[in-house]
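The block underneath contains the structure these notes are about, expressed in C-alpha cells.
Values quoted throughout were computed directly from the atomic coordinates according to the rules given, and no laboratory measurement underlies them. Quantities reported herein were computed from a predicted structural model and do not represent experimental measurements. Reconstructed Cβ throughout: ideal geometry from the backbone, glycine too, with neighbour counts over all protein chains shown.
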Amino acid sequence: MRLKDKVAIVTGSGRGIGEAIVLRFAAEGAKIVVNDVNEKDAGAVVEKIKAKGGQATAVIGSVALRETVQSMVDTAGREYGTLDIIVNNAGITRDAILHKMTDDQWNQVIDTNLKGVFLGIQCAARVMREKGYGKIINISSTSALGNTGQINYSAAKAGVIGMTKTAAKELGIKGVNVNAIAPGMIWTDMMKNMPPETIKQMDAALPFLVPLNRKGQPEDIANLALFLASDESSFITGQVIFCDGGMKM
Ligand SMILES: NC(=O)c1ccc[n+]([C@@H]2O[C@H](COP(=O)([O-])OP(=O)(O)OC[C@H]3O[C@@H](n4cnc5c(N)ncnc54)[C@H](O)[C@@H]3O)[C@@H](O)[C@H]2O)c1
C-alpha cells in the first residue's frame with residue numbers, strides 16, 4: 001500500500017478526475033476527505049470507498065469560499081488526526097471567445113480555478129509546514145498554454161502553475177512537495193458536456209493532435225497523482241507534469 005494511513009483531501013472529488021483520484025488513494029490505504037459542491041455525488045463516492053473497506057468523509061461546499069476549505073482541513077484533523085496530502089482538483093469551464101466573454105464567466109472561473117487553489121494551498125500549508133511533511137498537487141491544464149475560447153480558464157490554469165512554483169520554493173525547506181499536473185483531453189463530464197459537433201471535430205483530429213491517439217481517462221491522472229502523493233516522488237517539487245498523450249510535448 002503506497003499511501004497507508006496517509007490523510008488526503010481531494011477537492012471536486014464527487015465525479016470525474018477527482019473521483020478517480022480518491023478511489024485510487026483509498027485503495028492504497030489513504031483516509032479521504034471528499035469535497036464537492038454536489039452533495040449527492042460526494043455522498044455516493046464516500047459510500048463507494050466505505051463499501052471497499054476504506055475510510056472517507058465528505059465536506060460539501062465551494063472551494064472558492066475560505067470557510068469550506070478551512071473546514072476540509074479541520075475535518076481531516078478531527079476525523080483522522082492529521083493532513084498529509086491535498087489535491088486541488090475542483091475546476092469549472094465557462095467558455096466564450098474573447099470579445100464575448102462576460103464578467104460573470106470570468107469571475108466564476110477565476111474564483112473556483114484560481115482562488116480555490118490558492119485557498120487549498122494556503123490552508124493545507126499551515127498544517128503541513130508545522131508537521132514538516134506534506135504533498136500538495138494542483139490540477140492545471142494544457143490550456144495554461146492558451147486555448148481558443150478559454151481566456152478565463154487559461155489565465156486561471158497558468159496562474160496555478162505560478163502558484164505551484166512559488167509554494168514549492170516557500171515550502172521545500174518545510175518538507176512539503178508542491179507539484180502540478182496538466183491534463184490534456186480527459187474523458188469526463190467536463191468534456192462530454194461540450195457541443196456534440198465540437199466532440200466530433202476533436203475525435204476526427206485526434207490522430208493529428210495526440211500522438212498516443214486516444215482521449216485520456218480519469219485513471220490516467222489518478223495514476224500520476226498517486227505517484228506525486230507517494231514518497232516515490234520525494235525529490236520532485238515545483239514541476240508541472242503534462243499527462244496528455246503527448247499533445248503538448
Ligand atoms: N477533463 C479534462 O479534459 C480536463 C483537462 C484539463 C484539466 N482538467 C481539470 O481537471 C479538474 C477536474 O476536471 P473533471 O474533468 O473531472 O471535471 P468534472 O466537471 O467532471 O468534475 C469536476 C467536479 O468539481 C466539482 N466542483 C465544481 N466547482 C466546484 C467548487 N467551486 N467547489 C468544489 N467542487 C466543485 C463539480 O461538482 C464536479 O464534481 C478540473 O480542475 C479541470 O479544470 C480537466
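Here is a yes/no grid of residues against (1) more than 19 Å from the chain's Cα centre (by Cα); (2) more than 9 Å from the ligand (Cβ to nearest atom); (3) of a type in the set (F, W, Y):
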| residue | (1), (2), (3) |
| --- | --- |
| A156 | no, no, no |
| V160 | no, no, no |
| E170 | yes, yes, no |
| I173 | yes, yes, no |
| N179 | no, yes, no |
| W187 | no, no, yes |
| M194 | yes, yes, no |
| I199 | yes, yes, no |
| M202 | yes, yes, no |
Residues V59, V63, V33, V46: which one is among the β-branched types (V, I, T), in a loop (DSSP other than H, G, I, E, B) and either touching a Pro at 6+ places or on another chain (Cβ under 8 Å) or within 15 Å of the ligand (Cβ to nearest atom) (or both)?
V63
Those helices (runs of 4 or more DSSP H) completely within the stretch 165-233 that have 1 or more residues that are over 24 Å from A26 (Cα atoms) are 189-192, 196-209
Criterion (outside any helix (DSSP H, G or I), more than 10 Å from the ligand (Cβ to nearest atom) and either touching a residue at least 40 places away in the same chain (Cβ under 8 Å) or over 23 Å from I110 (Cβ atoms) (or both)) met by exactly one of L3, L23:
L3
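Per-residue answers, yes or no, for (1) touching a residue at least 60 places away in the same chain (Cβ under 8 Å); (2) crowded, with 20+ Cβ neighbours inside 10 Å:
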position: S140; (1), (2): yes, yes
position: A155; (1), (2): no, no
position: I161; (1), (2): yes, no
position: K165; (1), (2): yes, no
position: G175; (1), (2): no, no
position: G184; (1), (2): yes, yes
position: N223; (1), (2): yes, no
position: L228; (1), (2): yes, yes
position: G245; (1), (2): yes, yes
In the stretch 100-138, what residues are surrounded by fewer than 18 Cβ atoms within 10 Å (Cβ to Cβ) and in contact with a Ser or Thr (Cβ under 6 Å, 6 or more places away or on another chain)?
none
